[in-house]
Amino acid sequence: MLPLESSTKDGVSKRRIRARVLGPGACLVALVVGVGGCSLTKTDGLAGDALRTDGLDAAHDPDGRSDTSDDGDGGTGDGNAPANTRCPGKGAAMVLVESVAKVAYCIDSTEVTQAQYQEFLDATGGSYGQPAECANNLSLAPVNGCGQHAPTTRGQYPVTCVDWCDARAYCDWAGKRLCGKIGGGPVIGYAAPNEVEWTAACSKNGTRAFPYGTAYVAGACNDKTLDAGIAPVASFTGCEGASTALFDMSGNVREWINACDDGGANRSCVCVGGAFNSTPPATGDPLTTDLSCAPGDSFHPPASSWGDDLGFRCCRDALDAP
Ligand SMILES: [Ca+2]
Ligand SMILES: [Ca+2]
């Protein structure tokens, strides 16, 4: 069994699980994320450019457009990178990236915000078709009593206190998908980091340990160094990367991805990137913190879990270039 920390607040059981190398969920992380750590270690500060291909960075406009990333808003918290016509969908504007295999795909420029999530709840009346593995997910609303869901006053804060099925449903409604395998579908068992949408985008296809570079920078992103608590998305200009207009891939809230074990309704799913309460690497080793793009010690709680430090963002295939 996975180690479990639980607390009760307002009669609601809150579960947060710290990853250990135990159980099927841990195996998944070891395969999905741990291997990424190995890859990053090899390339960190060394010949990372060997893995790069032209057009990896949305800043270089792989679609030939000039507006992909130079939004000029400087991360003011509105989370609104200019829309990319190759990345349609509701919610956050998306950043266009390209895989090592030159597959173009899109990732939300920010964590999904409270305002964006509320739009989903309002539009659907809180009811949305779900796959069989989410049959037990009876509510799409953030868990009452967890976090501070107040979309009218905290609209630019990331939505939290949503479980994996809630995140999946939102992304589907938005015409996107919960970030998973490049090309679509879930990450099941082994996947190289460069095959995982979220991890590849964060690490610039395995060439960076952190979204902003190869080494940890204290204060760049919203983690325990700042002790600032949760913040509106895209608040920290130093936390932009690995593509222009891609924010908070490290810290603020950790993010569900479509990487679960095969446990059915009781499966565990991976959360990536760490949160405002994550401890930075004491030795500089990216494998010692969950704030890196491919952490050695990540989270993989049951899909039904939720927390005030846990949100998500969405991905999708890019439309063909015009
Ligand atoms: Ca739910
Ligand atoms: Ca984050």
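The values are calculated or read from the model by the stated rules, or taken from the named source; none is laboratory data. What you see is a predicted model; the values in this text were computed from it and never measured. All Cβ positions, glycine included, derive from the backbone under ideal geometry; neighbour counts span all protein chains shown.
Going by the conditions given, is Asn252 within 13 Å of ligand 2 (Cβ to nearest atom), closer than 25 Å to Tyr117 by Cβ and crowded, with 24+ Cβ neighbours inside 10 Å?
Numbers: within 13 Å of ligand 2 (Cβ to nearest atom): yes; closer than 25 Å to Tyr117 by Cβ: yes; crowded, with 24+ Cβ neighbours inside 10 Å: yes.
Considered against the rule, which asks whether it is within 13 Å of ligand 2 (Cβ to nearest atom), closer than 25 Å to Tyr117 by Cβ and crowded, with 24+ Cβ neighbours inside 10 Å, Asn252 comes out as yes.
Residue check: is Ala245 more than 22 Å from Cys161 (Cβ to Cβ), at pLDDT 95 or above and surrounded by 24 or more Cβ atoms within 10 Å (Cβ to Cβ)? Break it down into steps so the answer makes sense when it comes.
Numbers: more than 22 Å from Cys161 (Cβ to Cβ): yes; at pLDDT 95 or above: yes; surrounded by 24 or more Cβ atoms within 10 Å (Cβ to Cβ): yes.
So Ala245 fits the description; yes.
In segment 99-132, how many residues are more than 21 Å from the chain's Cα centre (by Cα), surrounded by 16 or more Cβ atoms within 10 Å (Cβ to Cβ) and charged (D, E, K, R)?
Total satisfying the criteria: 0.
Starting from segment 125-142, keep only residues that are aromatic (Phe, Trp, Tyr) and modelled with pLDDT of 95 or more, then list their pairs with residues that are surrounded by 12 or more Cβ atoms within 10 Å (Cβ to Cβ) and part of a loop (DSSP other than H, G, I, E, B) whose Cβ atoms are within a distance under 9 Å, requiring at least 6 positions of separation or different chains.
Hits for this filter: Tyr128/Leu140.
Out of Cys239, Cys260, report the one residue that is touching a Pro at 6+ places or on another chain (Cβ under 8 Å), modelled with pLDDT of 95 or more, buried (at least 21 other Cβ atoms within 10 Å of the Cβ) and not small (Gly, Ala, Ser).
Numbers: Cys260 fails: modelled with pLDDT of 95 or more.
One residue alone meets the criteria, Cys239.
Just wondering, is there one or more residues in segment 264-279 that are within 11 Å of ligand 2 (Cβ to nearest atom), in contact with a Lys or Arg (Cβ under 9 Å, 6 or more places away or on another chain) and more than 27 Å from Gly189 (Cα to Cα)? Let's see the steps before the verdict.
Just the residues of segment 264-279 that are within 11 Å of ligand 2 (Cβ to nearest atom), to begin with: 271-276, 278.
Add one more test, that the residue is in contact with a Lys or Arg (Cβ under 9 Å, 6 or more places away or on another chain), and what stays is 271-276, 278.
Subset that is more than 27 Å from Gly189 (Cα to Cα): 276.
Yes, the conditions are met somewhere in segment 264-279.
So Asp122 clears everything in (1) closer than 23 Å to Pro302 by Cβ; (2) of a type outside the set (Gly, Ala, Ser); (3) free of Cβ contacts under 8 Å to residues at least 24 places away in the same chain except one condition, right? Which one?
Just one mismatch for Asp122, condition (1).
I'd like to verify a number: residues in segment 161-197 that are away from ligand 2 (no atom under 16 Å from the Cβ) and of a type in the set (Phe, Trp, Tyr), how many? Lay out the reasoning, then the answer.
Narrowing segment 161-197 to residues away from ligand 2 (no atom under 16 Å from the Cβ): 163, 165-166, 168-169, 172-177, 180-195.
From what's left, of a type in the set (Phe, Trp, Tyr): 173, 190.
Residues meeting the conditions: 2.
So in segment 202-232, with the set limited to residues that are in contact with a helix residue (DSSP H, G or I) (Cβ under 9 Å, 6 or more places away or on another chain) and among the small types (Gly, Ala, Ser), which one is farthest from Leu291 (Cα to Cα)?
So the residue we want is Gly206.
I'd like to check something: does segment 210-224 contain any residue that is at pLDDT 95 or above and charged (D, E, K, R)?
Yes, that holds for at least one residue.
Looking for something in contact with a strand residue (DSSP E or B) (Cβ under 7 Å, 6 or more places away or on another chain) and within 16 Å of ligand 1 (Cβ to nearest atom) - is there at least one such residue anywhere in segment 173-191?
Scanning segment 173-191 turns up at least one residue that is in contact with a strand residue (DSSP E or B) (Cβ under 7 Å, 6 or more places away or on another chain) and within 16 Å of ligand 1 (Cβ to nearest atom).
In this structure, does Val217 turn out to be part of a loop (DSSP other than H, G, I, E, B), within 28 Å of Asp317 (Cβ to Cβ) and touching a Phe, Trp or Tyr at 6+ places or on another chain (Cβ under 9 Å)?
Considered against the rule, which asks whether it is part of a loop (DSSP other than H, G, I, E, B), within 28 Å of Asp317 (Cβ to Cβ) and touching a Phe, Trp or Tyr at 6+ places or on another chain (Cβ under 9 Å), Val217 comes out as no.
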